[in-house]
């Protein structure tokens, strides 16, 4: 019997692991491209909003090339982090990419500042100005988990109503608790039977991506998993390809 549920997880480019004395950000691909920069910044924000006192070690082992946009953000982000006095190390930098990595940032050990405090007044103003969740996280240095926690605090202090928050999130009021729990996770649980129903109705790729919050790469990964689980055939995959052309 095939399990009805499975966990979907797109291929990770940057992994973040908390070790006893520091956080380690490992680069899992040999080539860093422009499309990976946003994930790099998200992982940096995740570290900053979790426990920046422990510092971070960025491991470049196995990396063969980096795009110019990555080097710009790396320099800009970590110069700012350096100015804030946080502990940062770049390790295992291959000679081939060393000219593109700012050597002055390889080892930084300074005093630790206080954690930044997010102003509720500013956050409410941002909500009124319809900033997206991603914009809020970037502006205030929050992870998805941190943003969910802030939403809960705003609700608890009655600074925002459940109705307004539900409207912002595009859900029913009764779904807020579950939605906030989901906001702090990086994996999506997708019901296979629901996807198969959509496929049987010839739902277009764009509609599938919107419904299940998938990128093009994520949709391809989902199709592969359905095929490997024997839920769709090779002919189904070919028909999907013809449908999208």
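Of all the criteria given as (1) in a loop (DSSP other than H, G, I, E, B); (2) at pLDDT 80 or above; (3) surrounded by 15 or more Cβ atoms within 10 Å (Cβ to Cβ), the one not satisfied by residue 96 is (3). Taken together, 168, 163 contain a single residue that is at pLDDT 80 or above, in a helix (DSSP H, G or I) and loosely packed, with under 13 Cβ neighbours inside 10 Å, which is 163.
Can you work out which of the residues in region 32-47 that are crowded, with 17+ Cβ neighbours inside 10 Å and touching a strand residue (DSSP E or B) at 6+ places or on another chain (Cβ under 9 Å) is modelled with the highest pLDDT? Only one residue tops the list, namely 32. Filter region 197-219 down to residues that are exposed (fewer than 14 other Cβ atoms within 10 Å of the Cβ), under 28 Å from the mean Cα position of the chain (by Cα) and part of a helix (DSSP H, G or I) and give me whichever is modelled with the highest pLDDT. Checking each candidate, the answer is 207.
The values are calculated or read from the model by the stated rules, or taken from the named source; none is laboratory data. Bear in mind that the values here come from a model prediction, so they are computed numbers and not experimental data. Note: ideal-geometry Cβ built from the backbone for every residue, glycine included; neighbour counts use all protein chains shown.
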